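Trainee: Dropping a structure here in C-alpha cells format, bear with me for questions.
The values are calculated or read from the model by the stated rules, or taken from the named source; none is laboratory data. Quick caveat: nothing in here was measured; it's all calculated off a predicted structure. Cβ placement follows ideal geometry from the backbone for every residue including glycine, while neighbour counts extend to all protein chains displayed.
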Amino acid sequence: MLRGHYFLTVFVFMLVGGVIGALLGALYGWAGQEAGWWGVGLLLGLFYGTIGGVAVAERS
C-alpha cells in the first residue's frame with residue numbers, strides 16, 4: 001500500500017466530513033437562530049471524517 005494513497009484517503013474523508021458537519025451545524029444554528037453551530041459541526045465532521053478515512057484506508 002502506498003503511503004500517499006493512505007493520506008489522500010484520510011484527507012478526502014476529513015474534508016468531506018468537515019464540509020457536511022459545517023453545513024449541518026449551520027442549518028441547525030439557522031433553525032434555532034443561534035450563531036456558532038457551524039464551527040461545532042465542522043470540528044465534529046473533521047473528527048468523525050478522520051476516523052472514517054483511517055478506517056477505509058486501513059481496509060484498502
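Trainee: Just one of (1) assigned to a helix (DSSP H, G or I); (2) over 15 Å from the mean Cα position of the chain (by Cα); (3) modelled with pLDDT under 85 trips up W38, so point out which.
Mentor: Checking W38 against (1) assigned to a helix (DSSP H, G or I); (2) over 15 Å from the mean Cα position of the chain (by Cα); (3) modelled with pLDDT under 85, the one that fails is (2).
Trainee: In segment 19-60, which residue that is under 21 Å from G4 (Cβ atoms) and not hydrophobic (A, V, I, L, M, F, W, C) is surrounded by the fewest Cβ atoms within 10 Å (Cβ to Cβ)?
Mentor: Looking at the filtered set, the residue picked out is R59.
Trainee: Taking segment 8-35, which residues are free of Cβ contacts under 8 Å to residues at least 12 places away in the same chain and of a type outside the set (A, V, I, L, M)?
Mentor: G29, W30, G32, Q33, E34
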